[in-house]
Structure formats: C-alpha cells, structure tokens
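Asker: One structure, pasted below without further comment.
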Amino acid sequence: MISFSLVVGFAGAIFSVLAFPSPSPQLSRRVLHESRHDVPTGWTLHKRADPDATLPLSIALVQSNLHNLDDYLLDVADPESPNYGKLWTPEMVAETFRPSKESVDVVHSWLSTDGVHPNRIQLSDNGAFVRVNVSVTEAERLLGTEYYVYEHSDGTIRYGCQHGYHLPEHVSRHVDFVTPTLHFGTFTASYIQPGRSALSKRSSHASTGAKHRASLKETFKAIGTKASSGVGCDQEVTLDCIRQLYSFDYNIVAGSKNTVGVMELGQENYNGNDLDVFFKSYAPDQVGDRPKLVSVDGGSENSGQTNEDLTGESNLDFMLLMGLLGKKQPVSLYQIGSDGFFDELFAGFDRQYCQDIGETSDSSCGNVAKSNVISISYGSGESGPSYYLQRTCNEMGKLALAGITFVYASGDDGVSAFTDQCLSANGTVVSSGDGGNRFFPDFPGTCPYLTAVGATEIKPGASTSDPERAPAGYGSGGGFSNVFPRPSWQARAVNAYLSKYAPSYGMDVYNRSGRGYPDVAANGANIVIVADGQPGTTGGTSASAPIFAAMITAVNDARIAAGKSPVGWINPALYSSTFANIFNDITDGNNPGCGTQGFAASPGWDPVTGLGTVNFPRMLSRFMALP
C-alpha cells in the first residue's frame, strides 16, 4: 500500500469525475486551516520542493451528522437506553456519515474557480474525499503555503508544508484536512530488551507524529522455571496471579461465535517457540496454539523471529490474552505492514476508507474481518494538527457503533506521551529540561471512543488479596486531553477528582476541561513472559491492555451464548451508577513526568489508574443484566 503523503498518482483508484457547470467566482478571505509548530522527531527540512513535482492532493470533506455521533453511540451503549445493544450495520454507519452534497459542491467550485479544470477533479465513491493531481506550484497557490522536501534519519522522503496551510473561509467549514500537508512523521516504539535499558525503533508513515510502544517499560529480568521459582505474586505475576487478582475464572463457551484480536506493527512478531515454552508451564493444553494471522497492508507473520528487540511486545500480548482465555477462544493477529498504523487498520475494515486515503491496490482493502475486541499497545502524542486526531478518533467511534470495543494501553511515561517529552507554552514538543512544563497527553488514549487501560502492581510483600498500587518503577500514562472535551458520561467522576484531589498545577500545565484518561487499570508489573526461550518478568501498560481485553472478551462470550450482542463501546456503562461497585479502587501511587510528580491515585476515578481494576464476576453480572 502507498502512504498518502508520498508523491504518487491515482492509477487504479476508484473515483467518479465531478462534472459540474463552471461556477461563478466566489470571493472569500483565506484562513489558516491547520498548522504545526515543529517538525516531528527524526525529520529535518531538506530543501524547497520542485515546483513541477506532482502532488496527489486529497481533501477530506467534513462528514455529515458527526455532531450526533455521541448521541448515536449513547443510544446503543448507555445502560439506561431502551436501545442498549442494538448495534448498527456497516451500511447504516456509511450512509449516516456521508458528506453532504453542499460540501462536495463548495469544494468543487473553489477548485474550479482557482484554475483546476473540472475534468481533473474526482470524488471517492462514498463522497468522503475530493482528489486532484496538482503540481507543487498549483498546490501552493490553492493552499496559500510553501512546500518543502523533508528527510527522515532513515532516509525516507516526504513532501509537506513548513508551518501550515490556508483555505478560503467558506471552504474551510466543509473540509477536515488536506494531504499531503502536515500529516507526516515517525513513530517511536519504546521497549526493553533483556538486560538493557529502553530502546527506540522508528519507521516512517504519514501521521501526526511519533508512534510508541506502550509496554515492556520495566527491564526484562530472567527467572528460573516455574517449578524452581517458588516466589509470590508480588515478584512474579503469572496467569494464576492475574486470575486471583480479579477473580477471573471463566470458561469459554461460545468461542466459535466470538472474536478478539491484537494489533501489531511492522516486524513486531511473536516467537512460536516462546509461546510454547510459556504455555508448557502455565497453560499446558495450549502448547502449539497460535493466533490467526490477519494481514493488513502487507503485514506478514514471522513466528520464527528470534530478535528480542522485535518479539517482546507480541509475545507479551499473546501469552496473556491467549493464556487467560484458553484454547476454546480463537485470537486474531492484525499484523499491519511496515509503514502502517490506524489508517491501514481502518482501511482494512472499510474499502471505501481504503479508497479515501489513496490505498487501492492492496488485497486487504475492505476484506479484513472485524473483531468484537481489539487490543492496541501502540500510540503517539497529542501533537500536530487536531483535525487529523479528531478524524481518527471519529473513525473509532463509527466502528464502535457497529460493536467493536477498542482496548488501549495508556502509556508508560506518566503525564507525557514519551519519555522526557513535554509541551512548551506554544504547544511545541520539547524536552522537560528545555522549557517543557506542560503535560503531553497520549493519543489515541485521549479519544473518548476507546477504553484506555492504566497499570497497577502488587506491593512488595503483599498478596493478590491486598490492594494494588500504581507502578513505582514507571508512570502509568494518564492525564487530560488538549483536543477532546470531557464527555458527559465521565463528568461526574472526573469532576469529583478535580474538586477533591487535583494537584495545584496551573491551567498552563494541563487542561482541566479535557477528556480524562485512563478509564480503568490492570496489573502491569513483574509480568511473567518468555523471551528467546528464557522465562522472565517485565511490565508496562501493554500487559494491562490484553489482560482487560481478555475480560471483555469473556463478557462477550457469555452475552453471545445468551443470544445477546457484544458490548461494543463500554465507557458509558463503566462510568454509570449501575457499574459503580465492580471496581477495586486504587489510592496509592502517582505518575510523574514533565518535572513534576504528575497526578496521584485517589479515591474514585483518577488520571493514574482510572476507575480502578475490575472484579470480573461483578462486571460480568452487570453486563449480563443488560439487554
């Protein structure tokens, strides 16, 4: 598949040519539509773009009815709604959010008036994107900007604008964003190799900024075999420890009808031998079990991978998820190609979205089966243009309408999306020692349409029946969004925290009116896994995410067996009074970062461990009582 920020043509794309009468000129002042203050980490401005180079300009139109998305979701996800569980079909979703004819006409009129012949203007089949191949000179005139060539440290080249771009004011209201402009960057995957400190891996992609791997924050510590270790759950957290912590003792009964998957990126692959070594000790009947590969954007499986730099994340995900659910529940591996991220996952689910982002040649376009639960441990930060962040989040909301539960690891750097990276007063990402005193929220952890999972740990010397605390070895990701406002369903819980327990930081440090995250928590320290045949312990919120995803998968299993729908978007339910007593409240620990102690775990919801960890039988009973 072709990244849409590359300089490519539209060969093979399925678009209709817009043929309208020549419009009358429309005079309108230009307004700044999107901007960014800095170039993403790893990129440098290389040179001015060749004025004759061709750019595949793609204009994302504002979708219809997005202002109703929350209401639509609450109608099927609020426990008090009479329509709870009545999920939408993909066809209903597509038709409801199709951009209006007015938006199409306004953009077409602007392009035509500004010198683009109508025969060159194309509209995607679902009307979501307008496309036109233009020269750099034409693009600069249309967008009131200058194009440059940017080079990444790995040699990747991108065309983009230096600071921002402009649209006529009357057009701006009908456009989400335009590419290629500002949406490029590098994604950082941070994790630990055995016996080493945190490392970074970078791969190029058209995105808002860096991508990190929110797991394996604690150094891998080799241990003996299960038979010889003889230590408690405070030192080595096994599958049995997790079951004891959350009373998670469930036998799958409808596995053939239920689905769950894990998203992995690029060359991040599990090692099959490591799975078997793990299963031999902790789930003997699963030796030989493997996740089902679902290739997206050319993603390939390499279960013989022995590079510990590339197996740790995937090993952790599947050892926990498969081990907790057992062999009766099939698990899918959404393996995204080397340059892919959320756009490619969405494109795999929806052929129209695939066309919208300029991807038409890959066989996975629209052919990827959706899972009821998808566990994700890769993310970025809330930096760069907000339109793109909002569009990505809205796509998750639309998929949630059709029944997908997105479970996301909230990050391992406390109030920062990346180690030592914070925000300056103007929103630029800088190190905390270089004037970065504003908290740097994680994305997509701040998106309200997924469930963000923070981490906990068993205190030294404590047992699984004792209260857990926030991890002491790293900061469980949490805070408040600068992009997404606080949703109504979490207002009561978050306002209670702000009024009683919030630290005295000023408004210039964090946004008190933003969406608070995480939503819940699960253990993420001293987790037993196997790496290169060696048992050991590690930790991070990417352990927490698959643990919680396993429990939601079990809830879906019970509901499907009873003839009910999967739970889909669960946040309104979790924050409701109906679910108030399912949580083990976490009141010890904090999540430092940006030169501060971050936030403190407190009674009720807090931006370290969310609502707390769950008591599985109580959560199951509440969801089973719903239609």
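Asker: Evaluate the following for ASP508: is it acidic (Asp, Glu) and outside any helix (DSSP H, G or I)?
Answerer: When the stated conditions are applied, ASP508 passes them.
Asker: Next question. Could we say that LEU293 is part of a strand (DSSP E or B), at pLDDT 90 or above, surrounded by fewer than 19 Cβ atoms within 10 Å (Cβ to Cβ) and in the same structural domain as VAL567 (by TED's automatic domain parsing) here?
Answerer: Yes; evaluated as a whole, the condition is true for this residue.
Asker: Identify, please: which residue in the stretch 126-138 is within 13 Å of LYS101 (Cα to Cα) and not in a strand (DSSP E or B) and is, among those, nearest to the chain's Cα centre (by Cα)?
Answerer: In this case the residue turns out to be ALA128.
Asker: Considering only the stretch 547-578, state which residues are in a helix (DSSP H, G or I) and either aromatic (Phe, Trp, Tyr) or without any contact (Cβ under 8 Å) to a residue 40 or more places away in the chain (or both).
Answerer: PHE548, SER577 - these are the residues of the stretch 547-578 that are in a helix (DSSP H, G or I) and either aromatic (Phe, Trp, Tyr) or without any contact (Cβ under 8 Å) to a residue 40 or more places away in the chain (or both).
Asker: Name the residue, out of LEU111, LEU18, LEU57, that is at pLDDT below 90, within 21 Å of SER135 (Cα to Cα), crowded, with 18+ Cβ neighbours inside 10 Å and aliphatic (A, V, I, L, M).
Answerer: Matching residue, one of LEU111, LEU18, LEU57: LEU18.
Asker: Let me ask you something else. Sort out which residues of the stretch 360-416 are of a type outside the set (Phe, Trp, Tyr) and part of a strand (DSSP E or B), and write them in order of number.
Answerer: VAL373, ILE374, SER375, ILE376, GLY379, SER380, GLY381, THR405, VAL407, ALA409, ASP413, SER416
Asker: Still on this structure, I have one more. Out of all the residues in the stretch 525-565, which are among the small types (Gly, Ala, Ser) and surrounded by fewer than 23 Cβ atoms within 10 Å (Cβ to Cβ)?
Answerer: Hits for the stretch 525-565 are GLY533, GLY536, ALA558, ALA561, ALA562, GLY563, SER565.
Asker: For the stretch 607-624, check the following and say yes or no: at least one residue is surrounded by 24 or more Cβ atoms within 10 Å (Cβ to Cβ) and more than 23 Å from ARG243 (Cα to Cα).
Answerer: yes
Asker: Let me ask something else about it. Run down GLU102, GLU80 and say which single residue is farther than 27 Å from LEU167 by Cα and among the acidic types (Asp, Glu).
Answerer: None of the others qualify; the one that does is GLU80.
Asker: Considering the stretch 589-598 alone, what residues qualify as being crowded, with 18+ Cβ neighbours inside 10 Å and either of a type in the set (Lys, Arg) or more than 14 Å from ALA455 (Cα to Cα) (or both)?
Answerer: Result: GLY593, CYS594, THR596, GLY598.
Asker: Here is a further query. Can you tell me which residue in the stretch 519-546 is nearest to PHE480 (Cα to Cα), limited to those that are assigned to a loop (DSSP other than H, G, I, E, B) and more than 24 Å from the chain's Cα centre (by Cα)?
Answerer: Per the stated criteria, the residue is ASN526.
Asker: List every residue pair whose Cβ atoms lie under 9 Å apart, where the two residues are 6 or more positions apart in sequence or sit on different chains, the first residue falls within the stretch 431-450 and is outside the structural domain of LEU399 (by TED's automatic domain parsing) and farther than 16 Å from PRO572 by Cα, and the second residue, located anywhere, is modelled with pLDDT of 95 or more and assigned to a helix (DSSP H, G or I).
Answerer: No pair meets every condition.
Asker: Going by what's in this entry, would VAL277 be described as closer than 25 Å to GLU457 by Cα and not in a helix (DSSP H, G or I)?
Answerer: Answer is no for this residue.
Asker: Based on this model, can you work out whether TYR270 counts as under 20 Å from LEU310 (Cα atoms), in the same structural domain as ASP309 (by TED's automatic domain parsing) and in contact with a helix residue (DSSP H, G or I) (Cβ under 7 Å, 6 or more places away or on another chain)?
Answerer: Spelling it out, TYR270 is indeed under 20 Å from LEU310 (Cα atoms), in the same structural domain as ASP309 (by TED's automatic domain parsing) and in contact with a helix residue (DSSP H, G or I) (Cβ under 7 Å, 6 or more places away or on another chain).
Asker: Checking GLY604 against (1) part of a helix (DSSP H, G or I); (2) in contact (Cβ under 8 Å) with a residue 12 or more places away in the chain; (3) of a type outside the set (Val, Ile, Thr), which single condition isn't satisfied?
Answerer: (1)
Asker: Given the options VAL149, VAL130, name the one that is among the hydrophobic types (A, V, I, L, M, F, W, C) and buried (at least 22 other Cβ atoms within 10 Å of the Cβ).
Answerer: Criteria check complete, one pass: VAL130.
Asker: Pick from PRO99, PRO82, PRO51, PRO40: which is under 21 Å from TYR150 (Cα atoms), of a type outside the set (A, V, I, L, M) and out of contact with any helix residue (DSSP H, G or I) (no Cβ under 7 Å at 6 or more places or on another chain)?
Answerer: None of the others qualify; the one that does is PRO40.
Asker: What residue, of ALA496, ALA455, is over 19 Å from SER375 (Cα atoms) and either over 18 Å from the mean Cα position of the chain (by Cα) or not hydroxyl-bearing (Ser, Thr, Tyr) (or both)?
Answerer: The unique qualifying residue is ALA496.
Asker: Which residue out of VAL178, VAL106 is of a type outside the set (D, E, K, R), modelled with pLDDT of 95 or more and crowded, with 17+ Cβ neighbours inside 10 Å?
Answerer: Being of a type outside the set (D, E, K, R), modelled with pLDDT of 95 or more and crowded, with 17+ Cβ neighbours inside 10 Å holds for just one of VAL178, VAL106, which is VAL106.
Asker: Still on this model: Could we say that ILE586 is buried (at least 24 other Cβ atoms within 10 Å of the Cβ) and either outside any helix (DSSP H, G or I) or in contact with a Cys (Cβ under 7 Å, 6 or more places away or on another chain) (or both) here?
Answerer: Here the answer is yes, as ILE586 does meet what is asked.
Asker: A further question on this structure: So, ASP249, is that one within 19 Å of the chain's Cα centre (by Cα) and under 30 Å from ASN584 (Cα atoms) or not?
Answerer: Here the answer is no, as ASP249 does not meet what is asked.
Asker: State whether the residues of the stretch 120-130 include one that is at pLDDT below 90 and closer than 30 Å to THR44 by Cβ.
Answerer: Yes, because at least one residue in the stretch 120-130 is at pLDDT below 90 and closer than 30 Å to THR44 by Cβ.
Asker: So which of ASP176, ASP154, ASP105 ends up being in a loop (DSSP other than H, G, I, E, B) and touching a residue at least 40 places away in the same chain (Cβ under 8 Å)?
Answerer: After applying the criteria, what remains is ASP154.
Asker: Still on this structure: Name every residue in the stretch 300-329 that is closer than 15 Å to SER371 by Cβ and either surrounded by fewer than 19 Cβ atoms within 10 Å (Cβ to Cβ) or out of contact with any Lys or Arg (no Cβ under 9 Å at 6 or more places or on another chain) (or both), in order of residue number.
Answerer: Result: ASP317, LEU321, LEU325, GLN329.
Asker: Can you find a residue that is on the phi < 0 side of the Ramachandran plot and part of a loop (DSSP other than H, G, I, E, B) anywhere in the stretch 488-499?
Answerer: Checking the stretch 488-499: not a single residue is on the phi < 0 side of the Ramachandran plot and part of a loop (DSSP other than H, G, I, E, B).
The values are calculated or read from the model by the stated rules, or taken from the named source; none is laboratory data. Here the structure is a predicted model, which is why all the values come from computation and not from measurement. Here the Cβ is made from the backbone with ideal geometry for all residues, glycine too, and neighbour counts use every protein chain on show.
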